[in-house]
Amino acid sequence: MCGIAGVVYKDGKLHPVGADMTRMLHALQHRGPDSAGFSIYGGLGLEENEYLLNIEVREKPGLLDTVREAVETVSPIRADEIIPSVENYIIYRCRIQLESFSQLKPLIMDIDKLEDVMVLNGSHSFEMIKDVGSVLEIADRYDTWSKKGTHAIGHTRFSTESIVDRYHAHPFQSYIIPDITVVHNGQITNYWKIREPLERKGHIFETNNDTECIVHYVADKLASGYSLEEALEQSVKDMDGPFSYIVGTPQGVGIAKDQLGLRPGVMAENDEVFAVASEEVSLREVMDTTEVEQISPGEVRVYEI
């Protein structure tokens, strides 16, 4: 029952995609009241080899200083901010610089060893925002209204198979390649058949959420030389169950739908924008919807800038 959405500005320039995605997800709020999340691409403006870390930290005396010390064992903190959240936690966001992308996941794993600390994500070309609560509550908490970018994907969650917290909120990310994220509506019923070969190849899974399995699968295909379209086409053949999902990369977005067409998906475009969502009501937030296409069973679409 979750809601998914994606929007791409075709000119590749910065636009108010944070506000666009906020409106699109709010229109899908009825599909998922538990949590919501955004991947907003193109607007961070980080320098080469800079990364933004989002870290969940319990409000305990001295713990934030311990987190800063853990980060600074690898990189000086170039800038940081604290965002008040819920349930006695804060979100600590810091900008760091690494010698290579390969250092990012080991740093995240080291920080995660701290008690009452969890890294939500680390990224270079996109900003991930996800939390429990309604779309508008999260939008106000993180000021998604002001976020600019070239494209974005988003999600409203109705939890069916894992706990409700900000870590299990979508989007999910893989660190096999830089800055790939996925939002998903449905279930992957052959989850373990997909996951186990990836784990043997060295993929590290943090949850049992099937959306994490999808993002690892697609990242693995891209790392092996597949185009995004080829990776999504193969996923439709390999994955069982009712699903539709949207993947975000620094270059654009793609959507895939299961072969029986058991989860909804619609798309529309004009000269300026390509958009996709679970329902037409979401598309109306960013364009005129006189010509809306239903995504067919087993169909894959990719729009890259």
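What is the magnitude of the charge dipole of the chain about its Cα centre, with +1 placed on the Cβ of each Lys and Arg, -1 on the Cβ of each Asp and Glu, and no other charges, expressed in debye to the nearest 20?
220
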Two decimals is fine: what is log10 I(q)/I(0) at q = 0.07, 0.13, 0.15 Å⁻¹ for the chain, from a Debye sum with one equal scatterer on every Cα and no solvent?
-> -0.24, -0.87, -1.18
Would you mind telling me which residue in Ala169, Ala79, Ala277 has the biggest mean-square fluctuation in a Gaussian network model of the chain, where springs connect alpha carbons within a distance under 10 angstrom?
-> Ala79
When the chain is fully extended, how far beyond the present Cα-Cα distance does Glu230 get from His30, taking 0.36 nm per residue of separation?
-> 68.7 nm
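So how do 197-204, 152-159 stack up, highest first, on mean other-Cβ count within 10 Å? Walk me through the numbers on the way to the answer.
Values: 197-204: 12.8, 152-159: 27.6.
Going by the mean number of other Cβ atoms within 10 Å, highest first, we get 152-159, 197-204.
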Volume per residue that the Cα convex hull of region 65-224 spans, once the total is divided by residue count, Å³ = 136
Report, ordered by chain and residue number, the lysines lying within cross-link reach of Lys237, taken as a straight Cα distance under 21 Å and ignoring same-chain residues fewer than 8 apart.
-> Lys193, Lys201, Lys221, Lys257
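When the chain is fully extended, how far beyond the present Cα-Cα distance does Glu59 get from Lys13, taking 0.36 nm per residue of separation?
On the way: separation 46, 0.36 × 46 = 16.56 nm, distance 3.86 nm.
Length gained between Glu59 and Lys13: 12.7 nm.
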Between 0 and 90°, nearest 10: helix 210-223 axis offset from the chain longest Cα axis | 90
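What number, in nm² with one decimal, is the all-direction average of the projected area of the convex hull of the alpha-carbon atoms of region 37-140?
On the way: hull surface 26.0 nm².
Its average projected convex-hull area is 6.5 nm².
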Region 243-277 versus region 94-160: alpha-carbon centroid distance in Å = 22
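Report the local net charge at Ser227: Lys and Arg +1, Asp and Glu -1, summed over other residues whose C-beta lies under 15 Å from its C-beta.
-3
Per DSSP H run of at least 4 residues, take -39500 (n - 2.57); add these up for the chain, divide by its residues and hand me the 222 nm value, nearest 500 deg cm²/dmol.
Details: 8 runs with 77 residues, N = 305.
Mean residue ellipticity, 222 nm, calculated: -7500 deg cm²/dmol.
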Stokes-Einstein D for region 1-62, Kirkwood Rh over Cα pairs, 20 °C, 1.002 mPa s (µm²/s) | 147
Considering Cα pairs under 8 angstrom that are at least six residues apart, work out the relative contact order of the chain and quote it in whole percent.
-> 25
Rounded to whole Hz and in sequence order, give me ³J(HN,Hα) for region 39-48 from the Karplus expression 6.51 cos²θ - 1.76 cosθ + 1.60, θ = phi - 60°, writing x for Gly and Pro.
-> 10, 10, 9, x, x, 6, x, 6, 6, 4
Between Ala223 and Glu69, what length in nm is gained on full extension when 0.36 nm per residue of separation is reduced by their alpha carbon distance?
-> 52.2 nm
Proximal lysines relative to Lys13, as straight alpha-carbon distance under 20 Å, when same-chain residues fewer than 8 apart are discounted | Lys147, Lys148
Among Met118, Ser75, Gly6, flag the residue with its Cα farthest along the positive direction of the charge dipole of region 1-130, charges on Cβ as +1 for Lys/Arg and -1 for Asp/Glu.
-> Gly6
Relative to the chain, whose Cα atoms define the longest principal axis, helix 63-72 and its Cα axis are tilted in degrees, nearest 10, by 80
Among Gly252, Gly32, Gly12, which one moves the most in a GNM of the chain with springs linking Cα atoms closer than 10 Å?
-> Gly12
Other residues with Cβ under 10 Å from the Cβ of Asp116 give, with Lys and Arg +1 and Asp and Glu -1, a net charge of -1
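Before I look further, what does the chain give for accessible area per residue, probe 1.4 Å, in whole square angstrom? All intermediate terms of the calculation are to be shown ahead of the outcome.
On the way: 12390 Å² over 305 residues.
Accessible area per residue: 41 Å².
The values are calculated or read from the model by the stated rules, or taken from the named source; none is laboratory data. Owing to the predicted nature of the structure, the values given are computational and were not obtained by experimental measurement. Ideal geometry is used to build each Cβ from the backbone, glycine not excepted, and the neighbour counts take in all protein chains shown. Areas reflect the complete protein model, heavy atoms only, side chains present, ligands, DNA and RNA absent. Shrake-Rupley method; radii C 1.70, N 1.55, O 1.52, S 1.80 Å.
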